[in-house]
Amino acid sequence: MRPISEMTAAQARRVRFVLMDIDDTLTRGGKLLSSSYAALWSLKEAGLVVVPVTGRPAGWCDLIAREWPVDGVVGENGALAFWEEAAPAGAGSGGRAAADGRARLPALKQRFHPAAVRNDHPALERIRGRALAEVSGLRVAKDQFARLFDLALDFAEEDPVLSLSDALRVKAIAEEEGAVAKVSSIHVNVWMGAYDKLSMAESFLAARFGWDAATGLDQVVFAGDSPNDEPMFARFPLACAVANIRRYEGLVKSLPAFVAERECGEGFAEIAATLLERGAGLRRASPLTSTSAS
Ligand SMILES: [Mg+2]
């Protein structure tokens, strides 16, 4: 990993898409920082496409897609993408609302990965039972009720904070039972089905913005902090980490090209500021028509 300050203007000017993890990349101590939220606005206002890519639940992604300054969100480690589309002018009840003088809100669109399996699968129930019995202090994450596809087991979001080796034990149990498992900075996420953050992020960018992997890998910056971000680090030549990635250095085989000096949300703000200072966002990426991405 090289310092983010070494990103060149030529590299930054190619960038059209800024993707980022949320927990411990935009947040610190569980809170979304004003500096990282302001950075999202700055990137968006510069015409860049902004897309969080997170292990957080579908229920949170509804809020993020509707209320944050983003062009969409990939959630549950790639099971889904949500985004907004402007309603066509003069259509249906929206037209009446406009006549009342109220602003018309865009429609929320949802895309589910074709390989995603709902989280009532019996294997997930078995994994939950085994993991809770075999790893003392482990618990189901409190955001589980808002999830559609994955099972989130909390080892470090709340007390007691368990060790990384406990998290790896949970991952091993899930894999023994035939599931996919990824360790984030707070949860072990477990799901059935062959997908990850990367496969959904790529299919969303292609369908919504006409992004082409054959020519566009260097148009994407991804920022993350932990092992569940590794597929993104491995794929994009301009991937970045916030400084807290160093906690997992032994666990992440494919480290990103760049690393921020600061941790968590301050590190993300540093990455965003570097991109904008070096000229990212001079060209705008436009969404394709609504039907192409649904
Ligand atoms: Mg994270």
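For the stretch 186-196, the set of residues classified as touching a helix residue (DSSP H, G or I) at 6+ places or on another chain (Cβ under 9 Å), aliphatic (A, V, I, L, M) and within 16 Å of the ligand (Cβ to nearest atom) consists of Val188 only. Return a yes/no flag: does the stretch 190-204 have any residue that is among the hydrophobic types (A, V, I, L, M, F, W, C), closer than 30 Å to Glu266 by Cα and surrounded by fewer than 21 Cβ atoms within 10 Å (Cβ to Cβ). The answer is no; no qualifying residue exists.
Of the residues Ala234, Ala241, the single one that is farther than 26 Å from Glu84 by Cα and more than 14 Å from the chain's Cα centre (by Cα) is Ala234. Of the strands (runs of 3 or more DSSP E) lying entirely inside the stretch 114-232, those containing at least 1 residues that are small (Gly, Ala, Ser) and free of Cβ contacts under 8 Å to residues at least 12 places away in the same chain span 180-183. Counting only residues that are in contact (Cβ under 8 Å) with a residue 60 or more places away in the chain and in contact with a Phe, Trp or Tyr (Cβ under 8 Å, 6 or more places away or on another chain), the stretch 237-256 holds 6 of them.
Annotation note: Cβ proximity below 6 Å between a residue of the stretch 15-32 that is free of Cβ contacts under 8 Å to residues at least 24 places away in the same chain and at negative phi and a residue that is within 14 Å of the ligand (Cβ to nearest atom) and among the polar types (S, T, N, Q) (sequence gap 6+ or interchain) occurs for no pair. Whether any residue in the stretch 40-59 is in a helix (DSSP H, G or I), more than 16 Å from the ligand (Cβ to nearest atom) and touching a Ser or Thr at 6+ places or on another chain (Cβ under 9 Å) is what I want to check. No: the stretch 40-59 contains no residue that is in a helix (DSSP H, G or I), more than 16 Å from the ligand (Cβ to nearest atom) and touching a Ser or Thr at 6+ places or on another chain (Cβ under 9 Å). Of all the criteria given as (1) under 16 Å from the mean Cα position of the chain (by Cα); (2) over 26 Å from Ser163 (Cβ atoms), the one not satisfied by Leu217 is (1).
Selection within the stretch 247-263: residues that are among the basic types (Lys, Arg) and at pLDDT below 95. The member of this set that is surrounded by the most Cβ atoms within 10 Å (Cβ to Cβ) is Arg247.
Looking only at the stretch 172-185, decide whether some residue is at pLDDT below 95 and either more than 16 Å from the ligand (Cβ to nearest atom) or touching an Asp or Glu at 6+ places or on another chain (Cβ under 7 Å) (or both). Yes: the stretch 172-185 contains one or more residues that are at pLDDT below 95 and either more than 16 Å from the ligand (Cβ to nearest atom) or touching an Asp or Glu at 6+ places or on another chain (Cβ under 7 Å) (or both). For the stretch 60-84, the tally of residues that are on the phi > 0 side of the Ramachandran plot and in a helix (DSSP H, G or I) stands at 3. Scanning the stretch 36-67 for residues being surrounded by fewer than 18 Cβ atoms within 10 Å (Cβ to Cβ) and either aromatic (Phe, Trp, Tyr) or not assigned by TED's automatic domain parsing to the domain that holds Leu276 (or both) gives a total of 2. In this entry, Gly101 passes the filter for residues that are assigned to a loop (DSSP other than H, G, I, E, B), modelled with pLDDT under 95 and not assigned by TED's automatic domain parsing to the domain that holds Asp23.
Residue-level check: of (1) within 14 Å of the chain's Cα centre (by Cα); (2) within 16 Å of the ligand (Cβ to nearest atom); (3) part of a helix (DSSP H, G or I); (4) of a type outside the set (D, E, K, R), Ser36 misses just (1).
The values are calculated or read from the model by the stated rules, or taken from the named source; none is laboratory data. Small disclaimer: the values here were computed from a predicted structure and weren't measured. Every residue, glycine among them, receives a Cβ derived from its backbone with ideal geometry; neighbour counts consider all protein chains shown.
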